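These notes are about the structure you will find just below.
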Amino acid sequence: MSYGRMSRFPSYNIGKIAAVVITFIVIIVVMFESVVIVEAGHRGVVLYLGAVENRVLPEGVHFIIPFAEQVVQMEVRTQKFQAEASAASNDLQEVQTVIALNYMIDPTEANRVYQLLGVNYADRVISPTIQEAVKASVAKFNAEELVTKRETAKGVIAQAIRNTLTSNNIIVENVFITDFKFSASFAAQIEQKVVAFQKFLTEQNNLRAVRVIANQNVVQAEAAARANIAKASGEAQAIELITGQLRSSPEYLQWQAINKWNGQLPYASGSGAVPFFQLPSPQSQPTNQTNQVLGAQGQISR
């Protein structure tokens, strides 16, 4: 009997130890399933039996209901998406461009993004949005306007992308659009037209310069004419004054001749020659000559 008791004791201890071990393992698993760590730059979307709950877990350690709840982590950091797009302009010219944007999902709406779009929301929403925005926006412009009004066209495309993605809880931070590419023949036409327009502007500037010079010449001519008129008027007034002086004092010309005489007698031939001025006769007395000179000077001074 003692042998039987000894044989049952070890089996009882083994069963008890196994139960303890299993219980410990279950506790560890339950604790492991009850704790979740949301990584930096992410938000936790809580699923209860597969249904999305109306709460979002921030970064850090969180406790959830084991086996009933699970957490899907959604990245909320700024990300980059790039896609090529092609469209037809208003005048049916084929246009190609590359769109790159920096975006992030709204951290407070991460559960809505997961519920409506899933984890691969970039391929489901962002790529189609870029294609549609480029097609709808480019169709509003002629191909030439896409060159001359490039910034306006880019702004229209960027705004269309922002409006669509914002409605899906995706925040667009920056939109980068490369230059629009056209066919080789159309690009050559645009270049020729731009060159011709630049030549036109140059000719316009040259014409303005010619007009300015012509106006300056007209002003100078008018000024010279006014100066000549003024000069002629002054000379006429001077002639009138001289004529009046001659009428009142006939000896004025003789006085002018005496002042400008260089001491040499002029040469005159013929019987009708007019003498430069009257020389005093030899019979005249010195006193009479002196009196005549003094009298002439007195008249001139008058």
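Ligands, DNA and RNA left out, the 1.4 Å accessible surface of region 67-120 is 42% carbon and sulfur atoms. For the residue pairs Lys140/Lys193; Lys149/Lys199; Lys80/Lys154; Lys154/Lys181; Lys140/Lys199, alpha carbon separations beyond 23 Å are given by Lys140/Lys199.
Summing charges over neighbours of Arg43, with a neighbour being any other residue whose Cβ is under 15 Å away from its Cβ, gives -3 when K and R count +1 and D and E count -1. Within region 15-75, all pairs of alpha-carbon atoms sorted by distance into 10 Å bins from zero give the percentages 23, 41, 21, 12, 3. Put a dot 7 Å past the Cα of Ile213, heading toward its Cβ, do the same for Ile22, and the two dots end up 11.0 nm apart. Each label was represented as a point 7 Å from its Cα along the Cα-to-Cβ direction; for Ala122 and Val98 these points are 1.6 nm apart. Charge tally around Tyr121: other residues with Cβ under 14 Å, Lys/Arg +1 each, Asp/Glu -1 each, net -1. Here the simple spin-label model places points 7 Å from the Cα toward Cβ, and for Lys149 and Gln220 these points are separated by 4.7 nm. Sparse packing (at most 15 other Cβ atoms within 10 Å of the Cβ) combined with a DSSP loop state is found for the following trypsin sites (Lys or Arg not before Pro) in region 36-96: Arg77. Shown is the FRET efficiency for Thr166 and Val194, computed with R0 = 30 Å from the Cβ-Cβ distance and rounded to the nearest 0.05: 0.25.
Determine, from the Cβ-Cβ distance of Glu53 and Lys140 and an R0 of 45 Å, the FRET efficiency 1/(1 + (r/R0)^6), rounded to the nearest 0.05. List each step's numbers first, then the result.
Working: r = 43 Å, r/R0 = 0.96.
Efficiency computed from Cβ-Cβ geometry: 0.55.
The slack between Asp179 and Phe63, meaning 0.36 nm per residue of separation minus the straight C-alpha distance, is 36.7 nm.
Net charge of the neighbourhood of Gln93, taken over other residues with C-beta under 12 Å away and scored Lys/Arg +1, Asp/Glu -1, is -3. For the pair Ile242 and Asn90, the difference between a 0.36 nm per residue extended length and the Cα-Cα distance amounts to 46.1 nm.
At q = 0.20 Å⁻¹ the log10 of I(q)/I(0) for region 82-138 amounts to -0.76, computed by Debye summation with a single uniform scatterer per C-alpha, solvent ignored. The mean sequence separation of alpha-carbon pairs under 8 Å and at least six residues apart, normalised by the residue count of region 127-189, gives a relative contact order of 32 percent.
The values are calculated or read from the model by the stated rules, or taken from the named source; none is laboratory data. Computed from a predicted structure; not experimentally measured. Glycine gets a Cβ as well: all are built from the backbone with ideal geometry, and neighbour counts include every protein chain shown. Remember, those area values only see protein heavy atoms, side chains included, never the ligands or the DNA or RNA. Shrake-Rupley method; radii C 1.70, N 1.55, O 1.52, S 1.80 Å.
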